[in-house]
């Protein structure tokens with residue numbers, strides 16, 4: 001059952017946000033997850049790469065075509081028989097970046113699994129990621145834009161969201177590491193000044209709110225430093241800016257060099 | 001029967017990279033020729049006019065279903081000689097240059113990536129994504145080739161489920177009824193979509209406006225009870241979804257195409273976009289127009305919906321309604337439905353039908369199809 005379907009059936013009672021909260025309350029009361037109550041959301045995540053699994057009897061053979069995108073199944077509890085020869089999992093924030101990697105046939109040259117939630121990840125995507133991590137024990141790297149929006153998405157994957165806080169145990173993935181893009185990458189990878197966009201007042205407000213989050217103090221102080229730097233400089237930039245050098249700069253140079261840094265100095269060079 | 005009116009119709013051709021490059025080269029050579037001739041001049045760029053005033057309607061002789069619209073050979077100019085429009089002129093050349101280079105490399109680019117590249121190469125000319133997008137449409141109107149042919153890729157939000165078998169070249173056949181509730185994702189690659197081999201035993205194609213409804217119908221495997229293909233663009237239709245739908249309508253011409261949308265002006269607007277195209281995508285949009293009928297929600301379904309599920313129309317809804325009403329292509333029966341919507345001042349969503357049970361939607365669709373209750 002979808003959230004909106006429940007809402008419409010109960011419209012005479014309340015607004016949809018109220019229904020949403022009521023379901024959360026019920027989950028807290030019964031100490032279960034939404035999917036246990038048969039409440040599902042529409043799925044929008046995509047996955048590609050060196051992975052194979054079954055879902056409700058259907059075979060997802062991503063390995064046969066590592067550059068083809070497959071939709072992440074909504075009923076994650078029915079996913080089993082996960083097989084992979086990947087060395088790591090790469091999460092990308094945006095669908096356009098996912099498309100760029102597919103177009104550049106990134107997975108042909110790199111043994112990995114690429115996932116995107118197409119913006120803020122929905123619950124099936126987060127649960128699927130968590131399942132992959134549990135079963136495959138692979139490192140997880142996250143690639144987001146260097147802006148408050150991207151940072152928020154990064155923290156959603158790693159720590160979970162406020163609305164779904166009661167289910168954080170099942171939805172967060174503490175293994176997520178921030179691969180990029182950092183403010184320091186701008187000079188390191190020689191990007192021209194025009195690619196730096198100014199932070200809007202909305203961006204600044206958002207960054208200030210993000211800085212107040214408790215886990216930034218305790219668990220990932222290095223992330224906090226980068227965010228403060230972004231606010232101080234008052235600028236942001238997107239992953240697509242790398243296309244200024246060559247279209248496949250991201251796939252051919254940025255990602256391989258970042259990942260190599262991680263493998264050589266695990267946990268050191270990148271913020272984990 | 002159209003005598004010579006074909007000369008009026010302007011389309012965007014789908015071309016291989018070499019031909020697009022050739023067209024760009026011809027544009028450059030023509031410009032240089034006029035610039036260096038005995039009576040030199042800086043020629044203007046003539047683009048097919050994308051204003052709604054240039055929309056023409058071709059009325060079917062026998063039925064309303066044959067109506068389709070196109071852009072005619074009316075031009076607007078981009079000229080270096082007009083002070084405030086000179087930059088627009090330059091932008092068209094810059095985009096052509098960039099696309100030429102990308103096509104030479106045999107690569108593809110997204111509109112956002114193109115924005116960054118143009119921003120760095122010509123910072124004085126480009127300042128926003130919107131400008132880049134409009135200039136791309138200018139190039140489409142000038143060269144009369146599709147955006148995809150220029151090397152610009154866009155993602156697709158479309159999905160298909162139901163009684164359809166698709167096969168990409170050199171790949172295995174995919175059964176869209178076995179794709180679960182997430183369906184078969186429609187690729188953004190129009191070349192790939194063009195090469196898909198499709199087979200079906202369905203009798204109807206149903207366009208679903210919203211993803212949630214699509215998911216519900218796919219999960220309930222409604223296509224096992226009624227022989228249908230379900231397709232959705234999850235909201236406003238993108239080019240790839242429209243392209244595939246158009247291909248389906250050509251490959252299976254005997255299958256009527258019906259739309260299941262919410263009872264509000266935005267729902268009808270989505271139906272009309274599938275049916276006629278839109279001005280936003282300029283020359284390309286009309287190419288993929290299909291004969292789409294309105295299955296539901298309609299005026300005669302309102303008695304099925306509980307009073308509480310109705311919500312007032314918002315100002316934005318009324319704006320959309322006004323714009324649809326002023327369109328000369330809107331069918332009479334659709335116009336009546338729209339008038340009823342506006343008059344009642346209310347709107348309702350398809351989910352309201354769940355009042356009768358979660359499996360009601362399938363029965364509703366089946367009944368309407370059997371009664372041929374679509375307009």
Filter segment B:305-331 for residues that are farther than 17 Å from residue B:278 by Cα, at pLDDT 90 or above and in a helix (DSSP H, G or I) and give the result. B:315, B:316, B:317, B:318
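Only one of B:170, B:138 is in a loop (DSSP other than H, G, I, E, B) and either in contact with a strand residue (DSSP E or B) (Cβ under 9 Å, 6 or more places away or on another chain) or within 12 Å of chain A (Cβ to nearest Cβ) (or both). Can you tell me which?
Step by step, each of B:170, B:138 is checked, and only B:170 is in a loop (DSSP other than H, G, I, E, B) and either in contact with a strand residue (DSSP E or B) (Cβ under 9 Å, 6 or more places away or on another chain) or within 12 Å of chain A (Cβ to nearest Cβ) (or both).
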Given the residues B:118, B:32, which is the only one that is outside any strand (DSSP E or B), within 14 Å of another protein chain (Cβ to nearest Cβ) and at pLDDT 90 or above? B:118
Go through segment A:53-112 and report how many residues are within 11 Å of chain B (Cβ to nearest Cβ) and without any contact (Cβ under 8 Å) to a residue 40 or more places away in the chain. 16
Mind telling me which of the residues A:220, A:176, A:181 ends up being within 18 Å of the chain's Cα centre (by Cα) and within 14 Å of chain B (Cβ to nearest Cβ)? A:181
Only one residue in B:302, B:271 is within 23 Å of residue B:237 (Cβ to Cβ) and either within 14 Å of chain A (Cβ to nearest Cβ) or surrounded by 14 or more Cβ atoms within 10 Å (Cβ to Cβ) (or both), so which one is that? B:271
Take residue B:147 and decide whether it is touching a helix residue (DSSP H, G or I) at 6+ places or on another chain (Cβ under 8 Å) and either closer than 30 Å to residue B:295 by Cβ or away from chain A (no Cβ under 12 Å) (or both). yes
Which residues, counting only those in segment B:214-229, are within 14 Å of chain A (Cβ to nearest Cβ) and either within 16 Å of residue B:354 (Cα to Cα) or not in a loop (DSSP other than H, G, I, E, B) (or both)? B:214, B:215, B:216, B:217, B:218, B:219, B:220
What do you reckon, is residue B:247 within 14 Å of another protein chain (Cβ to nearest Cβ) and either surrounded by 22 or more Cβ atoms within 10 Å (Cβ to Cβ) or touching a residue at least 24 places away in the same chain (Cβ under 8 Å) (or both)? no
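Evaluate the following for residue A:175: is it touching a strand residue (DSSP E or B) at 6+ places or on another chain (Cβ under 7 Å), within 20 Å of residue A:158 (Cα to Cα) and surrounded by fewer than 20 Cβ atoms within 10 Å (Cβ to Cβ)?
Details: touching a strand residue (DSSP E or B) at 6+ places or on another chain (Cβ under 7 Å): yes; within 20 Å of residue A:158 (Cα to Cα): yes; surrounded by fewer than 20 Cβ atoms within 10 Å (Cβ to Cβ): yes.
The answer is yes for residue A:175.
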Test residue B:128 against the criterion of being within 12 Å of chain A (Cβ to nearest Cβ) and touching a strand residue (DSSP E or B) at 6+ places or on another chain (Cβ under 9 Å), and give yes or no. no
Out of all the residues in segment B:154-167, which are over 17 Å from residue B:246 (Cβ atoms) and part of a strand (DSSP E or B)? B:161, B:162, B:165, B:167
Please indicate, with yes or no, whether at least one residue in segment B:71-83 is out of contact with any strand residue (DSSP E or B) (no Cβ under 7 Å at 6 or more places or on another chain) and either part of a helix (DSSP H, G or I) or surrounded by 21 or more Cβ atoms within 10 Å (Cβ to Cβ) (or both). yes
Just give me the residues in segment B:102-112 being within 9 Å of chain A (Cβ to nearest Cβ) and either at pLDDT 95 or above or within 14 Å of residue A:104 (Cα to Cα) (or both), in sequence order. B:102, B:105, B:107, B:108, B:109, B:110
Can you tell me which residue is surrounded by the most Cβ atoms within 10 Å (Cβ to Cβ) among those in segment A:212-250 that are in a helix (DSSP H, G or I) and in contact with a strand residue (DSSP E or B) (Cβ under 6 Å, 6 or more places away or on another chain)? A:223
Could you look through segment A:1-48, keep only residues that are within 13 Å of chain B (Cβ to nearest Cβ), under 15 Å from residue A:164 (Cβ atoms) and in a loop (DSSP other than H, G, I, E, B), and pick out the one that is modelled with the lowest pLDDT? A:41
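The values are calculated or read from the model by the stated rules, or taken from the named source; none is laboratory data. Computed from a predicted structure; not experimentally measured. Every residue, glycine as well, gets a Cβ built from its backbone with ideal geometry; the counts of neighbours run over all protein chains shown.
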